[in-house]
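The values are calculated or read from the model by the stated rules, or taken from the named source; none is laboratory data. Since the model is a prediction, treat every value here as computed from it, not as a measurement. Because the Cβ atoms are built from the backbone with ideal geometry, glycine has one as well, and the counts that use them run over all protein chains shown. Side chains included, ligands, DNA and RNA excluded: accessible areas come from the protein's heavy atoms. Shrake-Rupley method; radii C 1.70, N 1.55, O 1.52, S 1.80 Å.
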Amino acid sequence: MKIVPISILIALMAGCSSTSSDTRSSVEKNSNARSGLICDREAVTGTRFTKKRCRTKEQIERDEAEAKEMLRTRSTSVGQQDG
């Protein structure tokens, strides 16, 4: 009999902990669209808080290219020894 209330409590807690990936207001979207900035919220490691980060499309593309290049170079050097 205790299983039903516990399962309902777990379901409610899981629903409350989920967040929307698009938390920007429409005013913020419109003002940033005019300036060419794209803002999003990034999770900060070790905390539940998020950090707002605004970048241009070019900056986002450059960051993605750098991350892909880093992963590519890391994956090709696995198991190799210097010397």
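For ASP63, neighbours were defined as the other residues whose beta-carbon sits under 13 Å from its Cβ, and their charges (Lys and Arg +1, Asp and Glu -1) total -2. Remark: accessible surface ordering of LEU37, LEU71 (largest first) is LEU71, LEU37, probe radius 1.4 Å.
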